[in-house]
Amino acid sequence: MIRLDSVSKRHGSQILYVDGSMSVFRGEKVGLVGPNGSGKTTIFRLITREEAPDAGTVIVDRGVSVGYFSQDVGEMSGRSVVAETIAGAGEVAEVGRELKELEAAMGDPERADELDKILERFGDVQARFDELDGYSLDARAREILAGLGFDADRMDGDVGELSGGWKMRVALARILLMKPDALLLDEPTNHLDIESILWLEGFLKAFSGGLVITSHDRELLNRLVTKIVEIDGGELTTYSGDYDFYEQQRELAAKQLEAQFARQEAMLAKERAFIERFKARASHAAQVQSRVKKLDKIEKIDPPKRRRVIEFEFRQPPRSGDDVATLEGIGKRYGDKVVYDGFDFLVRRLERWCVMGVNGAGKSTLLKLVAGASQPDEGSVRLGASLKMGYFAQHAMELLQPDETVLGAIEREHPKASGGSLRTLLGAFGFSGDDVEKPCRILSGGEKARVVMAQMLYDPPNFLVLDEPTNHLDIETKEMLVKALASYDGTMLFVSHDRQFLKALSNRVLELTPDGVHTYGGGYEEYVAQIGQEAPGVRA
């Protein structure tokens, strides 16, 4: 369906790939991976002809329709969510619009002399609309929107009133509704909760066309893709299998290359030593010349490129009291909506609570109540002795000063820390070299989140309250964070849609459902095993 043959591409002075090739066949599900800035999104833009390669060819087979979901959703306003979804659904939407225009034309007395021509065109357009399953378009749009977390009221509401994250879901729904031959999805899970991710996973498993996806969700890639294309160091390398298998194969290939390089270096050193030792002796002149020619002909193995992953040793926090947070008789409402009524909850030292619940269940509200960012209408929230809290929420990124550099933002929070340790910390969170001098105003949402997380964890609090801490983190940074928090000697209360994060770090589960509040001893994996669901209302 799609082929890149010997493609080279650069952006300014940065070389993205040299002589790179990859292919996507019908029914194949391909994961596109690589460090930030390696050119994953550019691959999509090459396929959709938004950019052209500097060399090589990009081939999309004749008649193959392509649906591309990117992080740039554009303007949305003036229509309902359902209407906006249908309007962006590609050919079927265009055919539907023409069908309505023809229906209006057939009833227009002023166009009576064109009626035969209009009727003929109407027949052709109606047949194509039927072929594209257009008559079920509204029902399919609502099904997809429901899967992505929209309730009926929101579907019929003004799309212009949605937040950026919810508009992103509408943009994704439009692409899924298209039913193209090939789907290109660039980080589709960034703004989704776990229920919507699970629904999307099921939808994509059933998709019969070709799929190319980038995602920071390791679990999604493992369950979905059958092939990985890695972009690294200007090369495109294809691996069969899921993400875990790709990692094993990449590590094995790297070790083999290191061994080959070491063997060749040892051989070259031996030959050079012989040449150096005997080059002045006439009796060995022929042997020396023979070995010089041999060295000239040897194809040198390049030194192995190792992806640089910086680790940071986080300090252990001071000890807190045994009762960390106590909520008693909590009542909380937003207008007519009752979120909590008589809610009691106790967090004890070293417990790691993950909070599960569908949209609107009150997950973020609970974290705000504990962090003091919101006050209950009834009841009390008491924090324990010797407590130092760190609260990460999406709005925390708005507190960064626009003209301050990344390094400056960390130095302001930790003025007594050494510059070297702060640079190492920023390296662990994906800011290396000149990146630390970027002003905060030009950072992406994900980069701002990483700065705020680094500010918080340099001198860790003993109680971490985290609302979707892994949003926008790439797989490597996420794994660094999971590894650091696994050995963290403190208490955690968190909401996350990342199943790897949930599995690795939780030892208690608080589930908020319409039927009431349920608690589970043991972590997320035990919770899934016990209730047979990966999230409230979603079958495993």
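The values are calculated or read from the model by the stated rules, or taken from the named source; none is laboratory data. For clarity, every value in this text was computed on a predicted model and none was experimentally measured. So basically every Cβ, Gly included, is an ideal-geometry build from the backbone, and we count neighbours across all protein chains shown.
Residues satisfying the criterion are absent from segment 335-353 (criterion: surrounded by 15 or more Cβ atoms within 10 Å (Cβ to Cβ) and touching a His at 6+ places or on another chain (Cβ under 9 Å)).
A single member of A112, A93 is in contact with a helix residue (DSSP H, G or I) (Cβ under 7 Å, 6 or more places away or on another chain), over 26 Å from V225 (Cβ atoms) and aliphatic (A, V, I, L, M), and it is A93.
Restricting attention to segment 515-540, which residues are more than 25 Å from the chain's Cα centre (by Cα) and touching a residue at least 24 places away in the same chain (Cβ under 8 Å)? Answer for segment 515-540, where residues must be more than 25 Å from the chain's Cα centre (by Cα) and touching a residue at least 24 places away in the same chain (Cβ under 8 Å): just V517. The listed residues are G372, G360, G335, G379, and the only one of them that is touching an Asp or Glu at 6+ places or on another chain (Cβ under 9 Å) and free of Cβ contacts under 8 Å to residues at least 24 places away in the same chain turns out to be G360.
Among the residues of segment 63-119, the ones that are under 23 Å from L204 (Cα atoms), of a type outside the set (G, A, S) and under 27 Å from the mean Cα position of the chain (by Cα) come to 12 in all.
Taking into account only those residues within segment 54-70 that are in contact with a helix residue (DSSP H, G or I) (Cβ under 8 Å, 6 or more places away or on another chain) and surrounded by 17 or more Cβ atoms within 10 Å (Cβ to Cβ), which is farthest from Y135 (Cα to Cα)? Here the residue is V58.
Inspect segment 286-307 for any residue being modelled with pLDDT under 85, in contact with a strand residue (DSSP E or B) (Cβ under 8 Å, 6 or more places away or on another chain), farther than 30 Å from G390 by Cα and not assigned by TED's automatic domain parsing to the domain that holds N359 and give the result as yes or no. Taking every residue of segment 286-307 in turn, at least one turns out to be modelled with pLDDT under 85, in contact with a strand residue (DSSP E or B) (Cβ under 8 Å, 6 or more places away or on another chain), farther than 30 Å from G390 by Cα and not assigned by TED's automatic domain parsing to the domain that holds N359.
Inside segment 467-480, can you point out the residues that are over 23 Å from L366 (Cα atoms) and not basic (K, R)?
First, pick out the residues of segment 467-480 that are over 23 Å from L366 (Cα atoms): 473-480.
Scanning segment 467-480 gives L473, D474, I475, E476, T477, E479, M480.
Just the residues that are touching an Asp or Glu at 6+ places or on another chain (Cβ under 8 Å) and either polar (S, T, N, Q) or free of Cβ contacts under 8 Å to residues at least 60 places away in the same chain (or both), please, taken from segment 157-196. Let's see the steps before the verdict.
The initial filter retains those residues of segment 157-196 that are touching an Asp or Glu at 6+ places or on another chain (Cβ under 8 Å), namely 159, 170, 174, 178-179, 189, 194.
Passing the criteria: only T189.
Among the residues that make up segment 223-235, is at least one of them in contact with a Phe, Trp or Tyr (Cβ under 6 Å, 6 or more places away or on another chain) and either within 30 Å of P303 (Cβ to Cβ) or in a helix (DSSP H, G or I) (or both)?
yes
Taking A269, is it surrounded by fewer than 15 Cβ atoms within 10 Å (Cβ to Cβ) and in a helix (DSSP H, G or I)? When the stated conditions are applied, A269 passes them.
Right, L473: at pLDDT 85 or above and of a type in the set (A, V, I, L, M) or not? It would help to see each step written out before you state the result.
Working: at pLDDT 85 or above: no; of a type in the set (A, V, I, L, M): yes.
In short, no.
When E143, E120 are screened for being within 14 Å of M178 (Cα to Cα) and free of Cβ contacts under 8 Å to residues at least 12 places away in the same chain, only E143 passes.
Has segment 410-424 got any residue that is of a type in the set (V, I, T), within 30 Å of S374 (Cα to Cα) and either out of contact with any Ser or Thr (no Cβ under 7 Å at 6 or more places or on another chain) or not assigned by TED's automatic domain parsing to the domain that holds K478 (or both)? Break it down stepwise before answering.
From segment 410-424, those of a type in the set (V, I, T) are 410, 424; that's our starting set.
Checking the rest, the ones that are also within 30 Å of S374 (Cα to Cα) come to 410.
Those still in the list that are either out of contact with any Ser or Thr (no Cβ under 7 Å at 6 or more places or on another chain) or not assigned by TED's automatic domain parsing to the domain that holds K478 (or both) too: 410.
Within segment 410-424, one or more residues are of a type in the set (V, I, T), within 30 Å of S374 (Cα to Cα) and either out of contact with any Ser or Thr (no Cβ under 7 Å at 6 or more places or on another chain) or not assigned by TED's automatic domain parsing to the domain that holds K478 (or both).
Residue by residue through segment 409-432, note down the ones that are over 15 Å from M456 (Cβ atoms), under 27 Å from the mean Cα position of the chain (by Cα), of a type in the set (G, A, S) and not in a loop (DSSP other than H, G, I, E, B). Of everything in segment 409-432, just one residue is over 15 Å from M456 (Cβ atoms), under 27 Å from the mean Cα position of the chain (by Cα), of a type in the set (G, A, S) and not in a loop (DSSP other than H, G, I, E, B), namely G427.
Being in contact with a Leu (Cβ under 9 Å, 6 or more places away or on another chain) and of a type outside the set (A, V, I, L, M, F, W, C) is the filter; apply it to segment 439-454 and report the residue that is surrounded by the most Cβ atoms within 10 Å (Cβ to Cβ). Before you say what the answer is, go through the steps one by one.
First, pick out the residues of segment 439-454 that are in contact with a Leu (Cβ under 9 Å, 6 or more places away or on another chain): 440-441, 443, 446, 448-454.
Filter once more, so that each one left must be of a type outside the set (A, V, I, L, M, F, W, C): 441, 446, 448, 450.
On the way: R441: 11, G446: 19, K448: 21, R450: 24.
Among those residues, the one meeting the criterion is R450.
For segment 1-18, a tally of residues being assigned to a strand (DSSP E or B) and on the phi > 0 side of the Ramachandran plot returns 1.
The set of residues in segment 365-408 being under 27 Å from the mean Cα position of the chain (by Cα) and either assigned to a strand (DSSP E or B) or closer than 16 Å to Y340 by Cα (or both) consists of T365, L366, L367, K368, G390, Y391, F392, T405.
For G433, which of the numbered conditions (1) surrounded by 13 or more Cβ atoms within 10 Å (Cβ to Cβ); (2) without any contact (Cβ under 8 Å) to a residue 24 or more places away in the chain; (3) within 22 Å of D474 (Cβ to Cβ) fails to hold? All conditions are met except number (1).
When I275 is tested against (1) more than 35 Å from the chain's Cα centre (by Cα); (2) loosely packed, with under 12 Cβ neighbours inside 10 Å, just one condition goes unmet, and that condition is (2).
For segment 112-123, what are the residues that are surrounded by 12 or more Cβ atoms within 10 Å (Cβ to Cβ) and acidic (D, E)? E114, the sole residue that qualifies.
Inspect all residues belonging to segment 200-209 and state whether any of them is surrounded by 21 or more Cβ atoms within 10 Å (Cβ to Cβ) and within 23 Å of V92 (Cβ to Cβ).
If we filter segment 200-209 for residues that are surrounded by 21 or more Cβ atoms within 10 Å (Cβ to Cβ), which is where we start, we get 200.
Still in the running and within 23 Å of V92 (Cβ to Cβ): 200.
Yes.
When you scan segment 380-401, how many residues do you find that are modelled with pLDDT under 90 and loosely packed, with under 13 Cβ neighbours inside 10 Å? Number satisfying all stated conditions: 3.
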